[in-house]
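**Student:** Encoded as structure tokens, here's the structure I'll be asking about.
The values are calculated or read from the model by the stated rules, or taken from the named source; none is laboratory data. Bear in mind that the values here come from a model prediction, so they are computed numbers and not experimental data. Virtual Cβ from ideal backbone geometry, glycine too; neighbours counted across all protein chains shown.
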């Protein structure tokens, strides 16, 4: 999952900063978490949009497989955004 690694890294860095009294690490950890969340949400929105287009095209073209793949992409995007 895009961004999830960055979020976890940020959580660890923030916790280490708190434990060691290092405000810079704590702030960097929070920033890493926000960056990861942004990456994850952007990827999810892209997958949802691609899925909508693919599903719609499948309906118009009468291509059931394309339609199902599009619905799967939309669900993947929803899950990605949820975290």
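**Student:** Given the criteria part of a helix (DSSP H, G or I) and either within 30 Å of residue 14 (Cα to Cα) or at pLDDT below 95 (or both), does residue 80 qualify?
**Tutor:** yes
**Student:** While we're here: Find the residue count for region 53-64, including only residues that are part of a helix (DSSP H, G or I), touching a helix residue (DSSP H, G or I) at 6+ places or on another chain (Cβ under 9 Å) and farther than 23 Å from residue 43 by Cα.
**Tutor:** Residues that pass the stated criteria total 3.
**Student:** Mind counting the residues in region 44-81 that are crowded, with 18+ Cβ neighbours inside 10 Å and in contact (Cβ under 8 Å) with a residue 40 or more places away in the chain?
**Tutor:** 1
**Student:** Right, something else. Answer yes or no: is there a residue in region 8-18 that is touching a residue at least 40 places away in the same chain (Cβ under 8 Å), out of contact with any strand residue (DSSP E or B) (no Cβ under 9 Å at 6 or more places or on another chain) and part of a helix (DSSP H, G or I).
**Tutor:** No - not one qualifying residue is present in region 8-18.
**Student:** Taking the conditions exactly as written (assigned to a helix (DSSP H, G or I), modelled with pLDDT of 95 or more and either closer than 24 Å to residue 67 by Cα or touching a helix residue (DSSP H, G or I) at 6+ places or on another chain (Cβ under 6 Å) (or both)), does residue 44 satisfy them or not?
**Tutor:** It is false that residue 44 is assigned to a helix (DSSP H, G or I), modelled with pLDDT of 95 or more and either closer than 24 Å to residue 67 by Cα or touching a helix residue (DSSP H, G or I) at 6+ places or on another chain (Cβ under 6 Å) (or both).
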